[in-house]
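A short write-up of the structure that comes next.
The values are calculated or read from the model by the stated rules, or taken from the named source; none is laboratory data. Because the structure is a prediction, the values reported are computed rather than measured. Every residue, glycine as well, gets a Cβ built from its backbone with ideal geometry; the counts of neighbours run over all protein chains shown.
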Amino acid sequence: MPDPAPDPLTWLTELEGVPSAFAAARDGIDALLRDRGLRRTRPEQTTESLLRGAHASAVLEGSASSLEDVRAGEGDEVARAAVRVSTGVLALVPVIGNSPLQAFARLHALAGKGEVQDDALGRPVSSDRAERLNALATTLHDTTVPALIVGALVHAEIATVAPFASHNGIVARAAERLVMVARGVDPASVVVPEAGHLALRPQYESNLRGYRDGGRSGLHSWLLYAAEAVTAGVEQSPLRVS
């Protein structure tokens, strides 16, 4: 039998500082869950994490709504889109492993509902962007590198390729959370990665530009940043912040 194809993302784990940065981030998540006891995590804590994530993602997308606005269902159009995504993201945990493209399309359909024409929901806006999304989906099928690295790559690809007609940032950030849950890093979804990015907003935005324009160096910097953002997201968890 032929040898199995090499993992397409193994080389990312060989970049200087990346393995240790993500190992430290994973240790922070594990400590959070261990300290509180995963079996004692309540559904309302997951709901609160998703709500905080929706608010943070909406702000990063340009929303002016406060967390209190979002909590009361009174957020602006962008905030409402982020809440729709947060409400539906966990239902996609069984989907992303077998059909990443379907999961990404569903995230956009949730975000764009009522704001984008129905025939544009979940559909890439051009053939070249569809090719990038297909390549990303294939990579997800073929890689076993640590889930936090996978989530960071998915986030940056969707955010910078902007395959959909709208709300690409919201989709990208939800996809990162989805990968973390589906690959077992944060099964109760109590970490708030979106809030980690908001807390580090200048670095977040500059490193996304670097990922888009900076080649291998930009990718390297993005990964180091993304590990830091996960740690910041742990600090925003409902298990830690009352």
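If only residues of the stretch 56-93 that are in contact (Cβ under 8 Å) with a residue 60 or more places away in the chain and not hydrophobic (A, V, I, L, M, F, W, C) are counted, the one that is nearest to R177 (Cα to Cα) is S86. Among the residues of the stretch 158-210, write down those that are free of Cβ contacts under 8 Å to residues at least 24 places away in the same chain and touching a Lys or Arg at 6+ places or on another chain (Cβ under 7 Å). Within the stretch 158-210, no residue meets the criteria.
Going through the stretch 1-33 one residue at a time, which ones are more than 18 Å from L153 (Cα to Cα), outside any helix (DSSP H, G or I) and of a type in the set (A, V, I, L, M, F, W, C)? Of everything in the stretch 1-33, those that are more than 18 Å from L153 (Cα to Cα), outside any helix (DSSP H, G or I) and of a type in the set (A, V, I, L, M, F, W, C) turn out to be M1, A5.
Name the residues in the stretch 137-152 that are assigned to a helix (DSSP H, G or I) and in contact with a Lys or Arg (Cβ under 8 Å, 6 or more places away or on another chain), would you? Once the filter is applied, which keeps residues that are assigned to a helix (DSSP H, G or I) and in contact with a Lys or Arg (Cβ under 8 Å, 6 or more places away or on another chain), the stretch 137-152 yields A147, L148, V150, G151.
All of L224, L200 fail the test of being over 15 Å from L50 (Cβ atoms), touching a Gly at 6+ places or on another chain (Cβ under 8 Å) and aliphatic (A, V, I, L, M), apart from L224. For the stretch 76-93, check the following and say yes or no: at least one residue is acidic (D, E), within 20 Å of G196 (Cα to Cα) and surrounded by fewer than 24 Cβ atoms within 10 Å (Cβ to Cβ). No - not one qualifying residue is present in the stretch 76-93. The residue that is farthest from A182 (Cα to Cα), counting only those in the stretch 106-122 that are aliphatic (A, V, I, L, M) and buried (at least 19 other Cβ atoms within 10 Å of the Cβ), is V116. Checking the stated criteria, A156 turns out to be assigned to a helix (DSSP H, G or I) and more than 17 Å from V93 (Cβ to Cβ).
The one condition from (1) under 15 Å from the mean Cα position of the chain (by Cα); (2) outside any helix (DSSP H, G or I); (3) not small (G, A, S) that V89 does not meet is (2). When the stretch 100-116 is filtered for residues that are touching a residue at least 24 places away in the same chain (Cβ under 8 Å) and not aromatic (F, W, Y), the ones remaining, listed by number, are P100, L101, A103, L107, H108, L110, A111, G112, K113, E115, V116. The residue list L200, L153, L239 contains one member that is closer than 26 Å to P6 by Cβ and not polar (S, T, N, Q), which is L153. Looking at (1) surrounded by 19 or more Cβ atoms within 10 Å (Cβ to Cβ); (2) out of contact with any Lys or Arg (no Cβ under 8 Å at 6 or more places or on another chain); (3) within 17 Å of L101 (Cβ to Cβ), can you tell me which one H155 breaks? Status for H155: all satisfied but (2). Would you confirm whether any residue within the stretch 123-131 is at pLDDT 95 or above, within 19 Å of G88 (Cβ to Cβ) and crowded, with 24+ Cβ neighbours inside 10 Å? Taking every residue of the stretch 123-131 in turn, none turns out to be at pLDDT 95 or above, within 19 Å of G88 (Cβ to Cβ) and crowded, with 24+ Cβ neighbours inside 10 Å. Based on what the data block shows, is A31 modelled with pLDDT of 95 or more, among the hydrophobic types (A, V, I, L, M, F, W, C) and either surrounded by 17 or more Cβ atoms within 10 Å (Cβ to Cβ) or under 26 Å from I149 (Cβ atoms) (or both)? Against the criterion (modelled with pLDDT of 95 or more, among the hydrophobic types (A, V, I, L, M, F, W, C) and either surrounded by 17 or more Cβ atoms within 10 Å (Cβ to Cβ) or under 26 Å from I149 (Cβ atoms) (or both)), A31 does not qualify.
Among the residues of the stretch 52-64, write down those that are more than 21 Å from A105 (Cα to Cα) and surrounded by fewer than 22 Cβ atoms within 10 Å (Cβ to Cβ). Residues satisfying the conditions are G62, A64. Of the residues making up the stretch 125-178, those that are out of contact with any His (no Cβ under 8 Å at 6 or more places or on another chain), small (G, A, S) and within 23 Å of W11 (Cα to Cα) are A135, A137, A147, G151, A152, A156, A159. Scanning the stretch 166-208 for residues that are closer than 12 Å to A226 by Cβ, of a type in the set (A, V, I, L, M, F, W, C) and not in a loop (DSSP other than H, G, I, E, B) gives A172, V179, M180, L208.
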